[in-house]
Amino acid sequence: MNLGDQYRVKCAELHALALREPNQRLRTQYENLAKAYWRLAEQADRNRLLDMTYEPPPPKLNDLDTR
């Protein structure tokens, strides 16, 4: 299971908790957390599609001077 799917599972768990929570303040907090996990899942999906290779910046001329 990829990271986006893991976030969706957590989102669903939090949403289920919100549906069962009688306290309005806690229900709102669970809903907010579920929305945050949904956004994380979407971001994880976008990140998975990126093909990035990290290349360190070239050394500065001052860094090469060893005097």
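The values are calculated or read from the model by the stated rules, or taken from the named source; none is laboratory data. Small disclaimer: the values here were computed from a predicted structure and weren't measured. Don't worry about glycine lacking a Cβ; one is built from the backbone with ideal geometry, like all the others, and counts go over all protein chains shown.
Which of the residues that make up segment 1-13 are closer than 25 Å to LEU49 by Cβ and either over 20 Å from the mean Cα position of the chain (by Cα) or assigned to a helix (DSSP H, G or I) (or both)? Of everything in segment 1-13, those that are closer than 25 Å to LEU49 by Cβ and either over 20 Å from the mean Cα position of the chain (by Cα) or assigned to a helix (DSSP H, G or I) (or both) turn out to be LEU3, GLY4, ASP5, GLN6, TYR7, ARG8, VAL9, LYS10, CYS11, ALA12.
Quick grid of which residues meet (1) surrounded by 15 or more Cβ atoms within 10 Å (Cβ to Cβ); (2) modelled with pLDDT of 95 or more:
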residue	(1), (2)
LYS10	yes, yes
GLU21	yes, yes
TYR30	yes, yes
ARG39	no, yes
LEU50	no, no
TYR54	no, no
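Note on segment 14-35: residues that are in a helix (DSSP H, G or I) and among the acidic types (Asp, Glu) amount to 1.
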